[in-house]
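Right, one structure below, let's go through it.
The values are calculated or read from the model by the stated rules, or taken from the named source; none is laboratory data. Note that this is a predicted model, so its numbers are computed, not measured. Counting neighbours? That spans all protein chains shown, and the Cβs are built from the backbone with ideal geometry, glycine included. Accessible surface is based on the protein model in full, side chains and every heavy atom, while ligands, DNA and RNA are left aside. Shrake-Rupley method; radii C 1.70, N 1.55, O 1.52, S 1.80 Å.
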Amino acid sequence: MTLQPHLPEPTAPNPSTAAARVLFDELARCGVEHVVMAPGSRSTALVVAAHEHPDLRLHTEVDERSAAFLAVGIARATGQPAVVVTTSGTAVANLLPAVVEADHDRVPLLLLTADRPPELHGTGANQTIEQLGIFGDSTRWTVDLGVPGSTADEVARWRWTACRAHGTAVGRPVETPGVVGLDSWREPGPVHVNAPFREPTVPAQDDGRSRAEPFRHPLGGRRDGAPWAAPVDRPHVPAERVLDDVLDTLLGIDDGLVVAGGGTGRPPGDVAGLARLLGWPVVAEPHAGLAGAGVLDHATLLLGTEAWRDRHTPRLLLRVGRTTVAREVTTLVARTPQVVIDAHGGWGAADAEHATLVRGDTGATVGALLERLHQRHHRPDGAWRDTWAAADGVVGVAVAGQLDGLSEPRVVRDVAAAVPPGGALVVGSSMPIRDLDLVGRHRADVAVHANRGTSGIDGFVSTALGVAMTHRGPVVAVCGDLTLLHDSTAWLLSPDPALDELDLVVVVLDNDGGGIFSFLPQHEHVPAFERVFGTPHGRDLADLARLHRLGHVRATTPEGVVAAVGEAVEAGGRHLVHVRTDREENLALHRDLRTAVAAALAGEG
């Protein structure tokens with residue numbers, strides 16, 4: 001059955017413009033608010049349509065890689081995909097790092113890549129590559145829109161494609177009255193719509209180089225403004241029998257442990273509340289979104305102290321999310337029997353010795369288990385949880401005793417604590433996320449974001465800018481110097497002028513190179529370590545701040561860092577708080593920290 005549009009809205013001067021206007025109108029109806037573009041010619045119809053749409057905010061990045069990671073940041077903060085628009089050729093290839101990150105961390109991402117028409121492929125035409133399938137298995141759906149034609153049923157096809165692309169990106173199937181949905185339940189992630197256009201791509205019938213017949217059919221969607229195909233949002237909860245079996249398993253263990261990682265997609269639910277009723281402590285990564293009583297602040301240091309860990313090895317784990325930060329936690333996960341709750345049946349549960357996989361939306365499944373647990377009036381004695389909590393407190397005292405001067409862990413801890421309530425913290429990979437995991441304290445009033453899908457440093461500044469663009473509150477980021485330099489073109493962003501001033505404070509830990517490599521075997525066994533791993537860059541980051549018109553402060557004391565962050569947040573705008581550190585001193589401090597923790601735990605039962 002062919003679905004017909006209903007509104008007699010204006011037509012378009014050519015098919016390329018018609019398709020672009022319909023696609024963006026339908027995506028806006030689906031809930032998309034942000035479009036990120038990088039300049040190019042073949043994508044003109046898409047860019048103009050996005051710019052003209054009253055419900056869309058258009059942002060311009062010079063670098064396509066940065067544009068894609070800006071969209072990742074927007075999606076992390078909002079749960080909605082931003083649309084990334086590029087021209088043809090290598091512009092498309094530059095999206096791959098962000099696509100891989102979004103794939104592995106279940107971030108909704110919608111890529112709309114302009115292409116040259118089929119008659120130019122295989123002819124040596126400039127800026128023409130095989131774009132369809134360029135991202136391999138990293139996308140949830142890849143489709144070629146086809147060259148826009150002039151028939152009446154094109155509008156329905158374009159609108160359906162936009163709805164399916166959006167629904168697939170956010171992990172929900174779509175339904176249309178009278179039409180059987182094509183999508184099945186899948187995890188959120190990247191979707192690639194490749195759109196070949198013939199000229200003219202400007203909104204004109206004749207652009208001086210080429211001429212096209214106008215598109216003579218109405219472009220309108222549904223009369224009530226709803227999407228052409230409605231998304232279905234029914235969180236999956238396991239059957240009652242499965243829930244009862246899971247609860248019986250959990251209640252049979254007194255000495256269990258909840259392990260929470262990131263990337264659950266939806267909020268993980270009251271995992272901490274479930275742990276309290278079980279009498280289990282919670283090991284949570286910094287970006288897991290958990291805090292409160294029972295959530296350990298220094299679990300990695302506890303698990304990294306061999307003598308203490310061996311006396312307190314849990315018999316069962318309840319696991320939600322994907323653990324990527326601490327080797328001590330991933331080692332525990334790999335060797336301990338566990339129950340894994342995951343909406344899509346993933347997160348590598350097969351790498352554990354004994355794993356029971358429960359397929360269900362995390363928040364809804366945890367809520368159902370909590371309800372059943374209340375009905376059973378289960379009251380644990382709490383001794384096991386209290387033992388972990390007491391040891392966590394001992395470690396906290398030992399940590400505080402070591403962090404008495406300016407150091408990378410101290411800065412990360414203090415910056416995380418200085419983010420105002422309601423704000424967001426964006427943490428770089430390599431050492432900052434690990435230091436936050438080691439010495440930071442979980443907070444329920446701050447959103448923490450990190451690109452841990454593949455744990456790379458790519459696109460960090462862009463991701464932070466995307467979060468800042470959409471988070472309703474102050475945003476502070478902390479990263480290393482190489483991470484900052486790797487994405488320095490992100491500062492060339494031109495946001496929608498209708499938005500208020502884009503505010504972001506970035507604290508950069510500058511040890512003139514790749515500090516994390518000092519903690520790896522390469523540091524001791526590679527004679528050319530400094531050249532090939534340390535990679536000192538010798539740049540003064542104040543010059544970077546001047547180039548991009550960022551506020552710049554060099555802080556030399558812990559108190560100075562906190563004051564600089566507070567002043568920058570208060571002032572608004574984009575700021576760089578620059579902290580110089582030393583790689584060898586940082587390595588020694590981490591060793592001393594673990595030694596002090598082991599000594600403090602030596603007398604703990």
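Search segment 255-269 for residues being at pLDDT below 90 and of a type outside the set (K, R), and hand back the single one that is most open to solvent (accessible area, probe 1.4 Å).
As a first pass, look at segment 255-269 and keep what is at pLDDT below 90: 261-269.
Retained after the next criterion (residues that are of a type outside the set (K, R)): 261-265, 267-269.
Values: G261: 3, G262: 4, G263: 17, T264: 31, G265: 59, P267: 103, P268: 19, G269: 33 Å².
Looking at residues that are at pLDDT below 90 and of a type outside the set (K, R), I get P267.
Among the listed residues V399, V412, V394, identify the single one that is touching a helix residue (DSSP H, G or I) at 6+ places or on another chain (Cβ under 8 Å), open to solvent by 10 Å² or more (accessible area, probe 1.4 Å), modelled with pLDDT of 90 or more and in a helix (DSSP H, G or I). Step through it out loud before you land on a result.
Numbers: V399 fails: open to solvent by 10 Å² or more (accessible area, probe 1.4 Å); V412 fails: open to solvent by 10 Å² or more (accessible area, probe 1.4 Å).
On inspection, the qualifying residue turns out to be V394.
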(message) Residue pairs, Cβ under 7 Å, 6 or more apart or interchain, first in segment 584-605 and under 24 Å from W384 (Cβ atoms), second at pLDDT below 90 and charged (D, E, K, R). List them.
(response) none
(message) What's the number of the only condition in (1) small (G, A, S); (2) touching a helix residue (DSSP H, G or I) at 6+ places or on another chain (Cβ under 9 Å); (3) closer than 24 Å to D458 by Cβ that G566 fails to meet?
(response) (3)
(message) I need the full set of residues from segment 39-50 which are modelled with pLDDT under 95 and either outside any helix (DSSP H, G or I) or touching a Leu at 6+ places or on another chain (Cβ under 8 Å) (or both), in order please.
(response) P39, G40, S41, R42, S43
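Looking at segment 195-249, which of the residues that are in a helix (DSSP H, G or I) and of a type in the set (D, E) is farthest from T17 (Cα to Cα)? Lay out the reasoning, then the answer.
Pass one, segment 195-249, residues in a helix (DSSP H, G or I): 240-249.
Still in the running and of a type in the set (D, E): 240, 244-245, 248.
On the way: E240: 52, D244: 56, D245: 56, D248: 59 Å.
The residue in question is D248.
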(request) Specify which of the listed residues (P190, P177) is more than 30 Å from L370 (Cα to Cα), of a type outside the set (V, I, T) and at pLDDT 90 or above. (result) P190
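When you look at T324, is it of a type outside the set (K, R), surrounded by fewer than 23 Cβ atoms within 10 Å (Cβ to Cβ) and over 23 Å from R376 (Cβ atoms), yes or no? If you could, list the steps in order and put the result at the bottom.
Working: of a type outside the set (K, R): yes; surrounded by fewer than 23 Cβ atoms within 10 Å (Cβ to Cβ): yes; over 23 Å from R376 (Cβ atoms): yes.
Yes; evaluated as a whole, the condition is true for this residue.
Select from segment 289-305 the residues that are free of Cβ contacts under 8 Å to residues at least 60 places away in the same chain and open to solvent by 10 Å² or more (accessible area, probe 1.4 Å) and list them in ascending order.
Keep residues of segment 289-305 that are free of Cβ contacts under 8 Å to residues at least 60 places away in the same chain, which gives 293, 303.
Residue satisfying the conditions is A293 alone.
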(message) Looking at segment 541-595 only, could you name the residues that are open to solvent by 80 Å² or more (accessible area, probe 1.4 Å) and of a type in the set (A, V, I, L, M)?
(response) L547
(message) So A77 ticks every box in (1) surrounded by fewer than 23 Cβ atoms within 10 Å (Cβ to Cβ); (2) small (G, A, S); (3) outside any helix (DSSP H, G or I) but one. Which box is left unticked?
(response) (3)
(message) The conditions are (1) assigned to a loop (DSSP other than H, G, I, E, B); (2) open to solvent by less than 50 Å² (accessible area, probe 1.4 Å), and V84 fails exactly one of them. Which is it?
(response) (1)
(request) Can you confirm whether segment 67-82 contains a residue that is of a type in the set (D, E, K, R) and within 18 Å of D458 (Cβ to Cβ)? (result) yes
